[in-house]
Amino acid sequence: MSRYHFPDHFIWGAATSSYQIEGAPEADGKGESIWDRFTRSGGNILDNATGDIACDHYRRYEEDGQLMAGLGLQAYRFSISWPRLFPEGGGRPNKKGLDFYRRLVDQLQGFNIAPFATLYHWDLPQALQDKGGWTNRDTAKYFAEYAAFTFENLDLPVRGWITINEPWVAAFLGHAMGLHAPGWTDFNLALAAAHNLLLGHGLAAQRFREQGRKDEEIGIALNLAPIPPFSESEEDRAAARRTDGFMNRWFLDPLLEGAYPQDMVDLYRRHFTLPPVEEGDMEIIGGPLDFLGINNYTRHVVRAGDSESDLTGNFVNPPESEYTEMGWEVYPRGLYELLSRIGRDYGPIPLYITENGASFPDQLEEDGTVNDQARINYLQSYIFEAWQALEEGAPLKGYFVWSLMDNFEWTFGYSKRFGLIYIDYQTLERRWKNSAYWYRKGISRNGLDL
Ligand code: IFM
């Protein structure tokens, strides 16, 4: 057995998001979000599940804070529900909504757990959706207003702010594939939404700088994956490169270089309507970032499709690999590849792994235990690769497991469990899985045994 250690100031955390855990959709004056609407419309979610109760975290946050303290977490990444603070998207703020996050942050600080707050994890106020949502440029401006208000009025130090979680998912699953709220299926609108999400990020970061916030950092979390070609054939390599442009570079390049990737601009111009970019947008989007958050779970191996104009080609599942309950390939080396790639392609920007984890079919035993050895193996192998990248100089500052607890997994409802903590959805009781004990031990030693 060998032990590997992380740097002294490395941060170990866990992550969640508002709609996935909070429940209480109407409490204390909260407005409707697009996920309230999407889940209640019927037919969009497995078993027609909704986030109405979820983990009931809105009422049980104190108990959840105790769990985090018990785990020894050094940081907790949660998201703020925009419609709790602004039920109509903008206009008059709802003090009771803000108070909830104040209480949460206050409790975290009492436990010495650094808060990392995400401002947008997909629960857009429905009132803004009624005006076109992210396809309307004004939504980026409303987002910046909400962000500026929150920076100023949460008025307890938040160590890290994440503007937008996974803009690719919000834009393309939500507006091109119809799988996420608002359930639209138009690629042109998805491109517009992607641009406005990035613009919203940039405007919010500008407001953050204007407020001169010290000891706080701001960044964004992207879902990134290595996208290797299935073979060395020219066709497969071109398809993989396009898919990388679609999923990774369309966000990395504007944020870190201030421009959309030219090969993708040329491709999109041939098939779609390019997003409406106004003068100054790219400077705003490419403004300074304190860190880049990486959400990584898997990789996508790509084989060319039949037509040259296929945007992505086909995803191939290597038969020798292991897969999680989501059908995602377990590919720990991908985390090392991503962490090294960012530095190689874009320079030395501080990095956090803002999400990494796995869903497996956990069983609650009669004695109350959950033996999730597959999750422990998964986390251990990914964390090892993060350590390797660090050893080679990647500026990695911290790691957040997805997720602190089982929760509402979007279209999959409650059928996929990602948590360190098991939720009994009948009683809402919380139970430690074996992975929670394992993670606690790793945090306390600032390193893991192999
Ligand atoms: O549950 C999601 C989360 O909301 C965003 N990133 C991926 C997770 C697992 O699918």
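What the table shows:
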| item | result |
| --- | --- |
| Hits in region 408-450 - residues which are in a strand (DSSP E or B) and either at pLDDT below 95 or of a type in the set (Asp, Glu) (or both) | 447, 448, 449 |
| Checking residue 399 against (1) within 16 Å of the ligand (Cβ to nearest atom); (2) part of a helix (DSSP H, G or I), the condition it does not meet | (2) |
| Selected residue (criterion: surrounded by the fewest Cβ atoms within 10 Å (Cβ to Cβ)) from residues of region 97-134 that are in contact with a Gly (Cβ under 9 Å, 6 or more places away or on another chain) and of a type in the set (Gly, Ala, Ser) | 110 |
| Spans of helices (runs of 4 or more DSSP H) in region 74-166 with at least 2 residues under 18 Å from residue 219 (Cβ atoms) | 138-153 |
| Residue that is surrounded by the most Cβ atoms within 10 Å (Cβ to Cβ) [pool: residues in region 364-379 that are part of a loop (DSSP other than H, G, I, E, B) and in contact with a Ser or Thr (Cβ under 9 Å, 6 or more places away or on another chain)] | 372 |
| Strands (runs of 3 or more DSSP E) contained in region 248-334 and holding at least 3 residues at pLDDT below 95, away from the ligand (no atom under 16 Å from the Cβ) and within 25 Å of residue 121 (Cβ to Cβ) | none |
| Answer from 112, 94 - the residue that is more than 27 Å from residue 422 (Cβ to Cβ), away from the ligand (no atom under 16 Å from the Cβ) and either of a type in the set (A, V, I, L, M) or at pLDDT 95 or above (or both) | 94 |
| Filtered residues of region 335-354 (kept if away from the ligand (no atom under 16 Å from the Cβ) and among the aromatic types (Phe, Trp, Tyr)) | 336, 346 |
| Residue in region 335-354 that is nearest to residue 417 (Cα to Cα), counting only those that are without any contact (Cβ under 8 Å) to a residue 60 or more places away in the chain and not in a loop (DSSP other than H, G, I, E, B) | 335 |
| Any chance residue 382 is in contact (Cβ under 8 Å) with a residue 12 or more places away in the chain, assigned to a strand (DSSP E or B) and more than 13 Å from the ligand (Cβ to nearest atom) | no |
| Test result for residue 303, basic (Lys, Arg) and touching a strand residue (DSSP E or B) at 6+ places or on another chain (Cβ under 6 Å) | yes |
| Test for residue 357: is it in a loop (DSSP other than H, G, I, E, B) and within 16 Å of the ligand (Cβ to nearest atom) | yes |
| Of all residues in region 416-443 being hydroxyl-bearing (Ser, Thr, Tyr) and either under 22 Å from the mean Cα position of the chain (by Cα) or under 18 Å from residue 386 (Cβ atoms) (or both), the one that is surrounded by the most Cβ atoms within 10 Å (Cβ to Cβ) | 435 |
| Residues of region 313-330 that turn out to be in contact with a strand residue (DSSP E or B) (Cβ under 9 Å, 6 or more places away or on another chain) and surrounded by fewer than 18 Cβ atoms within 10 Å (Cβ to Cβ), as a count | 8 |
| Of residues in region 167-196 being of a type outside the set (A, V, I, L, M) and crowded, with 24+ Cβ neighbours inside 10 Å, the one nearest to residue 259 (Cα to Cα) | 195 |
| Selection count where residues are without any contact (Cβ under 8 Å) to a residue 60 or more places away in the chain and of a type in the set (D, E, K, R), scope region 420-441 | 2 |
| Qualifying residues in region 402-422 (those that are within 20 Å of residue 294 (Cα to Cα) and aliphatic (A, V, I, L, M)) - the one farthest from the ligand (Cβ to nearest atom) | 420 |
| Output for region 111-130, where each listed residue is out of contact with any helix residue (DSSP H, G or I) (no Cβ under 7 Å at 6 or more places or on another chain) and either among the basic types (Lys, Arg) or closer than 30 Å to residue 214 by Cβ (or both) | 112, 114, 116, 117, 118 |
| The one condition in (1) without any contact (Cβ under 8 Å) to a residue 12 or more places away in the chain; (2) under 20 Å from residue 422 (Cβ atoms) that residue 40 fails to fulfil | (2) |
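Every residue, every condition in (1) under 17 Å from residue 402 (Cβ atoms); (2) within 16 Å of the ligand (Cβ to nearest atom); (3) buried (at least 20 other Cβ atoms within 10 Å of the Cβ); (4) of a type in the set (Ser, Thr, Tyr), yes or no:
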| position | (1), (2), (3), (4) |
| --- | --- |
| 22 | yes, yes, yes, no |
| 39 | no, yes, yes, yes |
| 57 | yes, yes, yes, no |
| 62 | no, no, no, no |
| 77 | yes, yes, yes, no |
| 86 | no, no, yes, no |
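The values are calculated or read from the model by the stated rules, or taken from the named source; none is laboratory data. From a predicted model like this one, the values you see are computed outputs, not experimental measurements. Positions of Cβ are backbone-derived with ideal geometry, glycine not excepted, and every protein chain shown enters the neighbour counts.
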